[in-house]
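This report concerns only the one structure given below.
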Amino acid sequence: MNKPAFLITIDTEGDNLWRNRQTITTRNTLFLPRFQALCEKYGFKPTWLTNYEMASDPAYVEFASDVILRGHGEVGMHLHAWNSPPETPLTDDDWRWQPYLIEYPDDLLRDKVKFMTDLLEDKFQTKMLSHRAGRWAFDKRYAAVLRELGYQVDCSVTPRVSWRNSPGAPQGQGGTDYSHFPQHAYFLDPQDISRSGNSTLLEVPMSIQYKHPALMNKLKQGYDRLRGKKRGPSVNWLRPCGGNLTAMKRVAELSLAQGNDYVEFMLHSSEFMPDGSPTFKTEADIERLYEDLDALFSWLQQRTQGMTLAEYYQYFQARLK
């Protein structure tokens, strides 16, 4: 059991939220058992990071409760601030701007996290231990609330990626800049979430690697600045985007070669449904997605062991002793 962990994290949320800005549907629930079955085929255990609309869908609650009961996965918390109660407007149109939770006042930030935690624990009759922030926006205030409520794991950090140029509230500063955050798991410093510290909250950053060598990245960024464009260095994620199987394998290989004891995969639940996202629009797209997933999981089965985020927390703790 010394293999590194394979962590499957699914942002479990409404249908095509890239497009739907007023009415949220949850038809993607019907497409999740196929992915769960694929994970179980290879002995992997997804963590379903669940937001408000999915927790309010009885069909999803039934599906995820069965996964928990059978010990083949975990439900964690995911929060989209603009439609998660208590709904207190931050902008003139929160559904349009989709403000980051870290842009809200302290008391409202806490109230939203507390509401979602209580809702999920009531629906699934299990303690919430794992979390990912909506739109990847995280700060020390958010981390403090998670610790207060007994969470063990956060997976909001996207190393090598900055969200500063992704706007939330018009009066805000954009998202979190993770450009220089660690790429390995670490217990957060309560005063500086970019550093290791002695808090009880374990950060498990996404598996993300540069596409190009460092010198080429600098040249590309310099060229972009000359053209007036604000872009970070190009990266590959351990995340399907259509036809990127080779790139995903490369991310996993590099992450493990750099000493990580895990690799972390992510996708949105709506991406398992035709037209549930901008990437996988047709049934043929979905079939190609599953071809890539089957090949990736088969390849990773020889190199890793499947864990939920909560199981990885225990694994990480044991390795420290």
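Of the candidates ALA284, ALA310, ALA137, which one comes out as most mobile in a Gaussian network treatment of the chain with C-alpha springs shorter than 10 Å?
The residue that fluctuates most here is ALA284.
Please work out, to two decimal places, the log10 of the ratio I(q)/I(0) at q = 0.12, 0.14 Å⁻¹ from a Debye calculation in which every Cα of region 63-215 carries one identical scatterer.
For region 63-215, the Cα-only Debye profile gives -0.54, -0.73.
Given a 1.4 Å probe, how much area per residue of region 5-320 is accessible, in Å²? Please report the intermediate quantities before stating the final value.
Working: 13580 Å² over 316 residues.
Computed with neighbouring chains in place, this is 43 Å² per residue.
I'd like the accessible area for THR47, computed on protein heavy atoms only with a 1.4 Å probe and all protein chains in place. Round to 10 Å², please.
0
Anyone know which of ASP177, ASP118, ASP261 comes out most mobile in the 10 Å Cα GNM of the chain?
In the Gaussian network model the winner is ASP118.
Find which of GLY276, GLN305, TYR290 sits farthest along the positive direction of the dipole of region 254-318, computed with +1 on the beta-carbon of Lys and Arg, -1 on that of Asp and Glu, about the Cα centre.
The one lying farthest along the dipole's positive direction is GLN305.
Full-extension gain between ASP177 and ASP139, please, as 0.36 nm times their residue separation minus the C-alpha to C-alpha distance.
Residue separation times 0.36 nm, minus the Cα-Cα distance, leaves 12.7 nm.
Work out from phi, with θ = phi - 60° and the Karplus expression 6.51 cos²θ - 1.76 cosθ + 1.60, the ³J(HN,Hα) of each residue of region 180-192, listed in order in whole Hz, and give x for Gly and Pro.
Computed from phi, the couplings for region 180-192 are 10, 7, x, 9, 10, 5, 7, 6, 5, 7, x, 9, 8 Hz.
Size of the dipole of the chain about the Cα centre, Lys and Arg at +1 and Asp and Glu at -1 on the beta carbon, nothing else charged, in debye to 20?
On the way: 38 positive and 40 negative charges, 301 e Å.
It comes to approximately 1440 debye.
Round to a whole number: what % of the accessible area of the chain belongs to carbon and sulfur, probe 1.4 Å?
Values: 7280 of 14220 Å².
The computed percentage sits at 51.
Evaluate Rg over Rh across the chain, taking Cα atoms for both radii and Kirkwood's formula for Rh. Kindly include the intermediate steps, with their values, before the conclusion.
On the way: Rg = 18.8 Å, Rh = 20.0 Å.
That ratio is 0.94, to two decimals.
What share of the DSSP beta bridges in region 5-320 is antiparallel, in percent to the nearest 5?
25
Just flag the trypsin sites (Lys or Arg not before Pro) in region 74-147 sitting in loop per DSSP whose Cβ has no more than 13 other Cβ atoms within 10 Å.
Working: sites: ARG96, ARG110, LYS112, LYS114, LYS123, LYS127, ARG132, ARG135, LYS140, ARG141, ARG147; in loops: LYS127.
Qualifying residues, ordered by number: LYS127.
With labels modelled as points extended 7 Å from the Cα through the Cβ direction, what inter-label distance (nm, one decimal) is found for ARG250 paired with GLU148?
Those two pseudo-labels are separated by 4.4 nm.
Quick one: Karplus J couplings for region 77-89, per residue in order, coefficients 6.51, -1.76, 1.60, θ = phi - 60°, nearest Hz, x for Gly and Pro?
10, 9, 9, 9, 4, 6, 10, 9, x, x, 8, 10, x
For the chain, modelled as a Gaussian network with Cα springs under 10 Å, which listed residue fluctuates most, GLY232, GLY71, GLY197?
Judging by the Gaussian network model, the answer is GLY71.
The values are calculated or read from the model by the stated rules, or taken from the named source; none is laboratory data. No experiment lies behind these values; they were computed from the predicted model shown. Neighbour counts are summed over all protein chains in view; Cβ atoms, including those assigned to glycine, are modelled from backbone coordinates with ideal geometry. Surface areas here come from the heavy atoms of the whole protein model, side chains and all, with no ligands, DNA or RNA. Shrake-Rupley method; radii C 1.70, N 1.55, O 1.52, S 1.80 Å.
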